[in-house]
Structures are given as C-alpha cells and as structure tokens.
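Here the structure is laid out as structure tokens; the discussion comes afterwards.
We did not get these values from a lab; they are worked out from the coordinates using the rules stated. Given the structure is predicted, the values throughout are model-derived calculations rather than measurements. In this analysis, Cβ positions are derived from the backbone assuming ideal geometry, glycine residues included, and neighbour counts consider all displayed protein chains.
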Amino acid sequence: MTELRYLPDADGVTRFSATVTEATDEYVVLDGTYFYPEGGGQPGDSGVLEWDGGRAEVVDARKDHGDVRHVVGSMEGTPPAAGTEVEARIDEARRDRLRRMHTAQHVVSRVVLDEFGASTAGNQIYEDRSRIDFEPADFADEDLATIEALSNEAIERDLPVRKEERPRDRVEAEVDEGRALLHLIPESVDPLRVVEVEGFDVCPCGGTHVDRLGEIGRIRITDCVSKGADVDRVEFELDDR
C-alpha cells in the first residue's frame, strides 16, 4: 500500500525520495508518494522519477486498490526493480495551479451555500478553469456577479487554510448541512482529512490546497449553464495573483 505522504498538510512538497515496490513499462508504484492521485474532481499530478540508470516521465497518478500508480508517458532505460531508490519531482507549476483552483472551488461553494442555500452536487478542477454544479439553483446574471464579488472579498481577507485529520464525529458536527456529501464517505473512514478556512469554511477533502486564501488570485466567473431541473453549472477561471 502506498503511503500518501502529502496528507494531511504536506501538499506543498514537490521533491522527495522513495522506494519502488512495483514497476512496469506503464506505471511505477512507490512505498510512499507526494503525487496526488486523481480523485474528488482533481486530476492527478505529473512529474519525473529518476534512478540510477533510468528516468520516467509521469503523466498521471491514479489509485489502484490502495496503491498509487505513477502512470508513465515515456521511460529511459528498463523499469526499476523493486527496492530501487528513486528521486521524484512533481511539476511544481501545475501543482500550484491545481492547489489554487481547488481552494477557489471551496470558496465559491461556501459563498453559494451561504447566499443562495445551494449545495455543491459535483465539481471538476482543471489547471486553467473549473466548474461546480449547484443544486437547487437558477442563477441570474446579478447572482453570478454577487458570487464573484463575495468570493473575491473572502480571498482578499487572506485567511489561513488549515489541513488536518479530525475524528469523524467531530467533522459531522462541524460541517454545515449542504456543505459536503458526508453520506458518500464510507463509515469506516475515520478520521477524516479536513480543509478549514479559518472563520469561513470547514469541509472534508483529500485534495491539495493553498495555505492562505491570498495565494489564489482573483476568481472570474466565465459561464453558467443549466444542467437540468434546479441544477446550474458555474464555470470560473483565476486571474494571476
């Protein structure tokens, strides 16, 4: 089983050493990793693995029955044998963009829940844009302007972001109704990794996030489309910090 070393609060680490437990031409499994494996609407990290006599370009990371498979786009040399020490580098610029995007999603979701009583039904994070599905929702143009303005006001407060594991019963008591789909997380998952924006939002989440809201930049809502009865999809981008 691969140790997820970025949890609970080391998601700023982009260089590390690890030991190979399995490797093929298509993927490499390590005993521990800081690569984020695809999940929760966030894509997996990319980067490079290097070892004595070889190098692999990692184009994705995916979970597989408790392991993380570092998906190989190209490899120099033969696959490393189990027990080989590798030096790993995550694409730092891409990781930074995804951290900013994911925390921005939390900010927008909080604002919409507070102002319009709409829950986040789903989301997808990308490097250059993201989307969130809200329910029940039927946003007018002035509503979108309000969401954008209040989200940026929160970011400008530069609130600290805390990432830690907490007992499940505490999380269930702290998270507001409609803020998270806790019923979809198996009861066996305890403790839960929580992302808390101080005085603003608490949400269970396993993704990568910034350490302060000021790192996000400015949110700019670019589109809103209906995805069915009472469901609106809001799309947004981030301007540079």
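Placing unit charges on the Cβ atoms of the charged side chains and taking the dipole of region 95-239 about its Cα centre, the candidate lying farthest along the positive direction among ILE155, GLY207, GLY122 is GLY207. Sites listed here are trypsin sites (Lys or Arg not before Pro) in region 111-169 whose DSSP assignment is loop and whose Cβ has at most 16 other Cβ atoms within 10 Å: ARG129, ARG157. Cα-based radius of gyration for the chain, normalised by 2.2 N^0.38 Å, reads 1.07.
Taking θ as phi - 60° and the Karplus parameters 6.51, -1.76 and 1.60, the scalar couplings of region 67-80 work out to 9, 10, 8, 7, 6, 8, x, 8, 9, 9, x, 8, x, x Hz in sequence order, x denoting glycine and proline. Comparing HIS102, HIS65, HIS209 in a Gaussian network model of the chain (Cα springs below 10 Å), the most mobile by mean-square fluctuation is HIS65.
Quick one: compute a quarter of the convex hull surface over the Cα atoms of region 3-90 and quote it in nm².
Seen from a random direction, the Cα hull of region 3-90 projects 5.1 nm² on average.
3J(HN,Hα) along region 34-45: 9, 5, 7, x, 3, x, x, x, 10, x, x, 6 Hz, from the Karplus curve 6.51 cos²θ - 1.76 cosθ + 1.60 with θ = phi - 60°, whole Hz, x for Gly and Pro. Its DSSP H runs of at least 4 residues, each contributing -39,500 (n - 2.57), put the calculated 222 nm mean residue ellipticity of the chain at -6500 deg cm²/dmol, to the nearest 500. In the elastic network of the chain, a GNM with C-alpha springs shorter than 10 Å, the most mobile of ASP211, ASP45, ASP138 is ASP138.
Amide H contacts for ASP45 (H built 1.01 Å from N in the peptide plane; partners 5 or more residues away or on another chain; cut-off under 5 Å): TYR36, GLU38, ALA61. Close amide H contacts of VAL68 (hydrogens built in the peptide plane, cut-off under 5 Å, sequence separation of 5 or more or a different chain): THR2, LEU30.
Close amide-amide hydrogen proximity is noted between LYS227 and ASP232, ARG233, each under 5 Å apart and 5 or more residues distant or on a separate chain (H modeled in the peptide plane; Pro and chain starts excluded). So what's the gap between the Cα centers of region 188-233 and region 123-140, to the nearest angstrom? Centre-to-centre distance over Cα atoms comes out at 10 Å.
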